[in-house]
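Enquirer: Here you go, one structure.
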Amino acid sequence: MTSLLDTTRLSRRSVLAGTAATVLVGARARAADVKWRLGLSQPVDSPNFIRLKEMTDRVRAETGGRLDISMHGGGVLGSDTRMLAMLQSGEIEMYNAGNVLGPIVPVTEMPGLPFTFKSPADVFKALDGDLGDYIRAELLAKGIYAFRWGGDNGFHHLTTSTRPVRTVEDLAGMTMRTPVQEMTVDFFSALGAVPKKFPLSQLYQVLKDKTCDAQTDPLFLIVLMKLNEVQTYLSLTNHWWSGFTFTANAAAWKSLPDDLKAVVEKNVRISALAQRQDVEKATGEAIGILTGKGMIVNQCDVSGFKRPLGAFYAKWKGIYGAKAWSLLEAHVGRLA
């Protein structure tokens, strides 16, 4: 059976081969009318990079080289916070945003609220529709154009180095690496853990040097980042979903000719749908890979996780606003 790691290596070779072919074609093609840069923190062997690289290659080919989008993955342009600032200032024109948009547009965090959506299909029904339309309008008001078709990251689970998490009581006093947004910090604080914010680029190191006991991530990312080397236990909690919002600088997007916009929109959709399938497949393989590498996997009773969240939901309803909250509850049921 082909593993996730084998698949990403094969896909990376395919991308590099495609890049070489594009260079040969490009050598005979006209110089680009428009040159853009695309930044992302995900590594070059991730589904995000691979599928977005395919997208940029198709755009270059289908526009006859008029639009040339260069890829800058693995955080080479800086942290996610830095790349977001670069997008807003126009230093880069495109950015694949994870959980970093909340400080600018708080409602972008709503799809990741704990224990709301049940499956990626449920999430994307909301994000490809009315809830997503509301979020995209809020981003546009801040100078960020968000494409309708975003990527999947999967549902999060807990890994720890000290003890398995079987009930909420096991989180008491546990130092938890969290993403940088405040909503995730509030969640783990409500459950008795001690959250510490670190960017994804520092995740492996803070677990290795025991700055944090535990962390939260989707299954396929635990494999991709080799967290089995620095964590012992995998506790299946399915506590929240995370994904990616593919964005462009709004002014740069507005200046693009309509025919080029149409090519980009079409190919972003193709790549996003392929990336979602990649993540679904990799997620299905991940537990087998991780147990094979020695991780100890346990089911978690999450009923106790939900009991302390009344005040948490009420607080974030106030932050996100009644309109956005009603759109969310139309998909997931009453929360607060």
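Enquirer: Given the residues Arg51, Arg58, which is the only one that is crowded, with 20+ Cβ neighbours inside 10 Å and either among the hydroxyl-bearing types (Ser, Thr, Tyr) or in a helix (DSSP H, G or I) (or both)?
Expert: Result: Arg51 is the single residue among Arg51, Arg58 that is crowded, with 20+ Cβ neighbours inside 10 Å and either among the hydroxyl-bearing types (Ser, Thr, Tyr) or in a helix (DSSP H, G or I) (or both).
Enquirer: Could you tell me which residue of segment 292-336 is farthest from Trp241 (Cα to Cα), considering only residues that are of a type in the set (Val, Ile, Thr) and either crowded, with 18+ Cβ neighbours inside 10 Å or over 24 Å from the mean Cα position of the chain (by Cα) (or both)? Spell out how you get there, then give the answer.
Expert: Let us first name the residues in segment 292-336 that are of a type in the set (Val, Ile, Thr), namely 296-297, 302, 319, 332.
Those still in the list that are either crowded, with 18+ Cβ neighbours inside 10 Å or over 24 Å from the mean Cα position of the chain (by Cα) (or both) too: 296, 332.
On the way: Ile296: 22, Val332: 13 Å.
Selected residue: Ile296.
Enquirer: Then there's this: Collect the residues in segment 248-280 that are closer than 15 Å to Asp152 by Cβ and either free of Cβ contacts under 8 Å to residues at least 60 places away in the same chain or among the hydroxyl-bearing types (Ser, Thr, Tyr) (or both), keeping them in residue-number order.
Expert: Ser271, Gln277
Enquirer: Would a scan of segment 83-90 turn up a residue that is in a loop (DSSP other than H, G, I, E, B) and within 30 Å of Gly318 (Cα to Cα)?
Expert: Our first condition is that a residue be in a loop (DSSP other than H, G, I, E, B); within segment 83-90, this holds for 90.
Then drop every residue that is not within 30 Å of Gly318 (Cα to Cα), which leaves none.
No - not one qualifying residue is present in segment 83-90.
Enquirer: Turning to a different aspect of this structure: Pairs please, first residue from segment 188-214 and outside the structural domain of Leu40 (by TED's automatic domain parsing), second anywhere and in a loop (DSSP other than H, G, I, E, B) and surrounded by fewer than 16 Cβ atoms within 10 Å (Cβ to Cβ), Cβ atoms under 6 Å, 6+ apart in sequence or on different chains.
Expert: Correct list of pairs: Gly192/Ala172; Asp213/Thr162.
Enquirer: Next question. Which of the residues that make up segment 61-78 are in a loop (DSSP other than H, G, I, E, B), free of Cβ contacts under 8 Å to residues at least 60 places away in the same chain and surrounded by fewer than 21 Cβ atoms within 10 Å (Cβ to Cβ)? Explain how you work it out, then say what you get.
Expert: If we filter segment 61-78 for residues that are in a loop (DSSP other than H, G, I, E, B), which is where we start, we get 63-66, 73-78.
Still in the running and free of Cβ contacts under 8 Å to residues at least 60 places away in the same chain: 64-65, 73-74, 76-78.
Gly64, Gly65, Gly74, Val76, Leu77, Gly78, listed by residue number.
Enquirer: Right, next: If Ser201 passes every condition in (1) more than 14 Å from the chain's Cα centre (by Cα); (2) surrounded by fewer than 21 Cβ atoms within 10 Å (Cβ to Cβ); (3) assigned to a helix (DSSP H, G or I) but one, which one does it miss?
Expert: (1)
Enquirer: Kindly evaluate Asp186 against the criterion of being at pLDDT 95 or above, under 22 Å from Thr108 (Cβ atoms) and part of a helix (DSSP H, G or I).
Expert: For Asp186, the condition - at pLDDT 95 or above, under 22 Å from Thr108 (Cβ atoms) and part of a helix (DSSP H, G or I) - is met.
Enquirer: Additional query: Going by the conditions given, is Leu113 within 25 Å of Ile50 (Cβ to Cβ) and assigned by TED's automatic domain parsing to the domain that holds Lys266?
Expert: Details: within 25 Å of Ile50 (Cβ to Cβ): no; assigned by TED's automatic domain parsing to the domain that holds Lys266: yes.
Answer is no for this residue.
Enquirer: So in segment 151-181, with the set limited to residues that are in a strand (DSSP E or B) and among the polar types (S, T, N, Q), which one is surrounded by the fewest Cβ atoms within 10 Å (Cβ to Cβ)?
Expert: Within segment 151-181, the match that is surrounded by the fewest Cβ atoms within 10 Å (Cβ to Cβ) is Thr175.
Enquirer: Considering segment 79-117 alone, what residues qualify as being free of Cβ contacts under 8 Å to residues at least 12 places away in the same chain and within 17 Å of the chain's Cα centre (by Cα)?
Expert: Scanning segment 79-117 gives a single hit, Arg82.
Enquirer: So, one more: Scan segment 235-247 and tell me whether some residue there is of a type in the set (A, V, I, L, M, F, W, C) and over 26 Å from Ala172 (Cβ atoms). Lay out the reasoning, then the answer.
Expert: Pass one, segment 235-247, residues of a type in the set (A, V, I, L, M, F, W, C): 236, 240-241, 244, 246.
Narrowing further to those that are over 26 Å from Ala172 (Cβ atoms): 244, 246.
Checking segment 235-247: at least one residue is of a type in the set (A, V, I, L, M, F, W, C) and over 26 Å from Ala172 (Cβ atoms).
The values are calculated or read from the model by the stated rules, or taken from the named source; none is laboratory data. Everything quoted here is computed from the prediction, not taken from an experiment. Every residue, glycine as well, gets a Cβ built from its backbone with ideal geometry; the counts of neighbours run over all protein chains shown.
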